[in-house]
Amino acid sequence: MSKKVALITGITGQDGAYLAEYLIRKGYIVHGLKRRSSLFNTERIDHLYQDPHEQDRRLILHYGDLTDSLNLTRIIGETQPEEIYNLAAMSHVKVSFDTPEYTANADALGVLRILEAVRLLKLTHKTRIYQASTSELYGLVQEVPQKETTPFYPRSPYAVAKLYGYWITVNYREAYGMHASNGILFNHESPLRGETFVTRKVTRAIARIALGMQEKVYMGNLSARRDWGHAKDYIRAMHAILQQDEPSDYVIATGITTTIRDFIRMSFGEIGIGIEFRGEGMEETARLSSVDEARFVRKVGDNYLEALRKRIGQELVGVDVNYFRPAEVDLLIGDSTKARSRLGWEPEYTLESLIEDMMHHDLKLMKKDSYLQRGGYKILNYFE
Ligand code: NAP
Ligand code: F7E
C-alpha cells in the first residue's frame, strides 16, 4: 500500500513539530512548509531531518510562505497531499496588535490561498484540510463553557483574522463539498512552546530563579484564566479530525480553567518553592514564603539550596503594565464533548503533569545553556 502524504504548514512551530513526528510514526510521508530565515529555524524538527541524498525520505521541507499564493499552489501541486494541516500563523495575540495587517494577510488570507489552491488544482475530492482555529474566537465569552455552537466575539487582530479563516473553511466545505474542518483548539503548551507565551515564560523564568540566574520575573494580567492542555494530546485530535468520513468543526479542550496566578504558583510548587501573592493590580507581587527542601533537592539539586534559603521573604514575581493587552480575553474554558464522543479523543496529560514536563525540561535547558547562564537574553521581547 502506498504511503499517505501530508503537507504541514507551520512545521517549524510547536504543533508542527509534534504533528510531523506523530505522522511519520504512523507511516506518512510528511512535507513541511518552512519560511526562509536568516538563522536556522528548524530546531524543533532537527531530530526528524533527513539528508536530501537519503533514499526513502519521510520528511521533506519546502521554502514557502502563507502570503505567497503562487508558491503555495506550486507546492500543493507538486506534493499532491491527501491531508493538509494548515498550522502556519502569526500566532502571538499581543504581537497581532503591533502587526495587524500582516496578521490578517497570513492568518486570514493565508487560509483562503490554501483552499483556493486545492480547488484550482482539482484536488477538492482528494485533499482533506485541517484549519488551526482557536479558542481566541470566543474572546469576550458569550457562554461558559464554550462549545462549537457558542457565538464568537474576537478581541484581537489575531482573533479577527482567525475568524475569517474559520468561516472561509466552512464556506469552501459547503460550497465545493471539500473535506475541510476546523479544530477550535484551546491553549496547549509543552516544552516546545514559544518562549514569549505565558506558560513557557513562567517555566523558563522559574528555572532560572531556582538556579540563581535571575532575581525576579515581571508579568502582565495575572487574573486571566485559560484552559491549558498538552500539545502532544492536541495534535492527536488534529489527525483524528481528518480521519472522519465527514468534515466538521470540533472544540478541543480539557474543561478545566486556571488563572495565570495559579499557574505560576503551581509551577514554583512543582520544584518545592512556596510563594505568596500580596497586593492588587500593578502593585501585586509574590514573595518566596517557604521551601520544601527535600522536593527542591530532588528536582533541582542540592547545590542551589543554600542560596534559595537566603532569599526567603524576597519578591520573585512583579507586574509590568507593558505585558497587558489593549483588549483582553478574561476567561476561556472549553466543552469538548463532541470531540470526546465522535473522535474518541481524551487528553492524557493533566495540568500538573504538563507543568512537570515543562519545568523538568527548562531546568535541564538552563543548566546546560552557558549563554543563558551568562545572563544572555535569547528570551523575551520586552512587550510580549
Ligand atoms: P507557533 O509555535 O507560533 O508556530 C507557528 C508556525 O507558523 C511556525 O512554524 C512559523 O514559522 C509559521 N509561520 C508564521 N508565519 C508564517 C507565514 N507567513 N508563512 C509560513 N509560515 C509561517 O504556533 P503553534 O502554537 O504551533 O500553533 C499552531 C497553529 O495553531 C497556529 O495557527 C496557531 O495560531 C494555532 N493555535 C495555537 C494554539 C496554541 O495554544 N498553541 C491554540 C489554538 C490555535 P517560524 O518558525 O519561521 O516562525
Ligand atoms: O497568554 C496573560 C495574557 O500569550 C495567555 C496562542 O497560542 O493561545 C495563545 O494565545 C494569557 C493572556 O496566550 C503575561 O494576557 C499575563 O490572558 O500565553 P499567551 P494567548 O494569548 O491565550 C491561543 C488559544 C492561540 O490561539 C494563540 O495562538 O496570559 N499574561 N502575563 C501574559 N501573556 C504573555 N504572553 N506574557 C505575560 O507576561
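All of the numbers you see were taken from the coordinates with simple rules; none came from a lab. Model, not experiment: these values are computed from the prediction. Quick reminder, even Gly has a Cβ in these numbers, built from the backbone with ideal geometry, and neighbours come from all protein chains shown.
Points to keep in mind about this one:
- Scanning the stretch 304-348 for residues that are of a type in the set (Val, Ile, Thr), surrounded by fewer than 15 Cβ atoms within 10 Å (Cβ to Cβ) and within 16 Å of ligand 2 (Cβ to nearest atom) returns a single hit, Val321.
- When the stretch 94-108 is limited to residues that are assigned to a helix (DSSP H, G or I) and of a type in the set (Ser, Thr, Tyr), the one that is farthest from Ile168 (Cα to Cα) turns out to be Ser96.
- Checked against (1) more than 25 Å from Asp233 (Cβ to Cβ); (2) within 18 Å of the chain's Cα centre (by Cα), Tyr166 meets all criteria but (1).
- Residue check, Ala175 under 30 Å from Glu246 (Cα atoms) and out of contact with any Gly (no Cβ under 9 Å at 6 or more places or on another chain): yes
- Close contacts from the stretch 133-156, counting a first residue that is free of Cβ contacts under 8 Å to residues at least 60 places away in the same chain and of a type in the set (A, V, I, L, M) and a second that is within 13 Å of ligand 2 (Cβ to nearest atom) and not in a loop (DSSP other than H, G, I, E, B), with Cβ to Cβ under 8 Å and a gap of 6+ residues or different chains, come to Leu137/Ala159; Leu137/Lys162; Leu137/Leu163; Leu137/Tyr166; Leu137/Ile184.
- Residue within the stretch 214-221 that is touching a Ser or Thr at 6+ places or on another chain (Cβ under 6 Å) and crowded, with 19+ Cβ neighbours inside 10 Å present: no
- Selection from the stretch 72-118 of residues that are over 11 Å from Thr9 (Cβ atoms), out of contact with any Pro (no Cβ under 7 Å at 6 or more places or on another chain) and within 11 Å of ligand 1 (Cβ to nearest atom): Met90, Ser91, His92, Val93, Val95, Thr99, Tyr102, Asn105, Asp107, Leu109
- In the set Gly110, Gly139, only one residue is buried (at least 19 other Cβ atoms within 10 Å of the Cβ) and either of a type in the set (Lys, Arg) or within 13 Å of ligand 2 (Cβ to nearest atom) (or both); that residue is Gly139.
- Among the candidates Arg311, Arg287, residue that is part of a loop (DSSP other than H, G, I, E, B), over 22 Å from Trp228 (Cα atoms), touching a residue at least 12 places away in the same chain (Cβ under 8 Å) and not hydrophobic (A, V, I, L, M, F, W, C): Arg311
- On the stretch given as the stretch 238-272, residues that are buried (at least 23 other Cβ atoms within 10 Å of the Cβ) and farther than 30 Å from Val291 by Cα total 7.
- All conditions but one from (1) of a type in the set (Gly, Ala, Ser); (2) farther than 29 Å from Ile45 by Cβ; (3) more than 8 Å from ligand 2 (Cβ to nearest atom) apply to Ala224; the one that does not is (3).
- Within the stretch 18-61, the set of residues being in contact with a His (Cβ under 9 Å, 6 or more places away or on another chain), among the aliphatic types (A, V, I, L, M) and either closer than 18 Å to Asp233 by Cα or within 15 Å of ligand 1 (Cβ to nearest atom) (or both) comprises Leu19, Leu23, Leu33, Leu59, Leu61.
- Any hit, the stretch 288-296, residues being within 13 Å of ligand 2 (Cβ to nearest atom) and touching a strand residue (DSSP E or B) at 6+ places or on another chain (Cβ under 7 Å): no
- With a requirement of 1 or more residues that are in contact with a Pro (Cβ under 8 Å, 6 or more places away or on another chain), the strands (runs of 3 or more DSSP E) lying completely within the stretch 158-277 that satisfy it span 180-185.
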